[in-house]
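Beneath this line is the structure, given in structure tokens, with notes to follow.
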Amino acid sequence: APSLAGTALQTQVASFIKTLRSFTLSTAKGLGKTVNSNDLKALLSVKEHLRGVADRTEEFEIGIESNKAALAYLKRKSIQFPSLDKSIKSLEAAATSWDGTKAAVPVAEERISSANAEWKDKIKFKVKAYEKELE
């Protein structure tokens, strides 16, 4: 029978940390993007990053807590696990990065709010104009 501290667990923890780090790095960059009121592409890009955070919050929150619990259990029981302390530190760093990404969400939402409102108005106007053409 495979041991609790086997390579499968180590691989899973490392994979989760890598995924979380990659997501937070790219999302933090995307949320910080400058959005001018005439740049729909930039606005949509930031909104996609905002949606990505919303879509993956539960996955990452559960992953952070379950991996922390597994690593803490291994440490408490003194179970052999290669690079246990390094994995704990890496997970803590990735979780801190995730917290920073979540904190950037309201800042990004506020920053794009005027451009978002402007584009909503532009699109409503275009839809109304199109509907009049169809009449």
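The values are calculated or read from the model by the stated rules, or taken from the named source; none is laboratory data. Since we're looking at a predicted model, the values are computed, not measured. Here the Cβ is made from the backbone with ideal geometry for all residues, glycine too, and neighbour counts use every protein chain on show. The accessibility values were calculated without ligands, DNA or RNA, using every heavy atom of the protein model including side chains. Shrake-Rupley method; radii C 1.70, N 1.55, O 1.52, S 1.80 Å.
Things worth noting here:
- Selection count, segment 80-135, where residues are of a type in the set (D, E, K, R), within 30 Å of Gln12 (Cβ to Cβ) and modelled with pLDDT of 95 or more: 4
- Neighbours by Cβ (under 8 Å, 6+ apart or cross-chain): first from segment 13-31, more than 19 Å from Arg111 (Cβ to Cβ); second among the basic types (Lys, Arg) and open to solvent by 10 Å² or more (accessible area, probe 1.4 Å): Phe23/Arg56
- Among the candidates Glu109, Glu118, the residue that is part of a helix (DSSP H, G or I), more than 21 Å from Ile62 (Cβ to Cβ) and open to solvent by 80 Å² or more (accessible area, probe 1.4 Å) is uniquely Glu109.
- Residue list for segment 15-65, restricted to those being more than 11 Å from the chain's Cα centre (by Cα), aliphatic (A, V, I, L, M), part of a helix (DSSP H, G or I) and closer than 21 Å to Lys120 by Cα: Leu40, Ala42, Leu43, Leu44, Val46
Yes/no per residue for (1) out of contact with any helix residue (DSSP H, G or I) (no Cβ under 8 Å at 6 or more places or on another chain); (2) touching a residue at least 24 places away in the same chain (Cβ under 8 Å):
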| site | (1), (2) |
| --- | --- |
| Lys68 | no, yes |
| Gln80 | yes, yes |
| Ser97 | no, yes |
| Ala103 | yes, no |
| Ala115 | no, yes |
| Asp121 | yes, no |
| Phe125 | yes, no |
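- Test: residue in segment 61-69 that is at pLDDT below 90, of a type in the set (Lys, Arg), surrounded by 13 or more Cβ atoms within 10 Å (Cβ to Cβ) and over 30 Å from Ser37 (Cβ atoms): no
- Taking the conditions (1) of a type outside the set (Phe, Trp, Tyr); (2) closer than 22 Å to Pro106 by Cα; (3) open to solvent by less than 60 Å² (accessible area, probe 1.4 Å) in turn, Ser87 satisfies each one other than (2).
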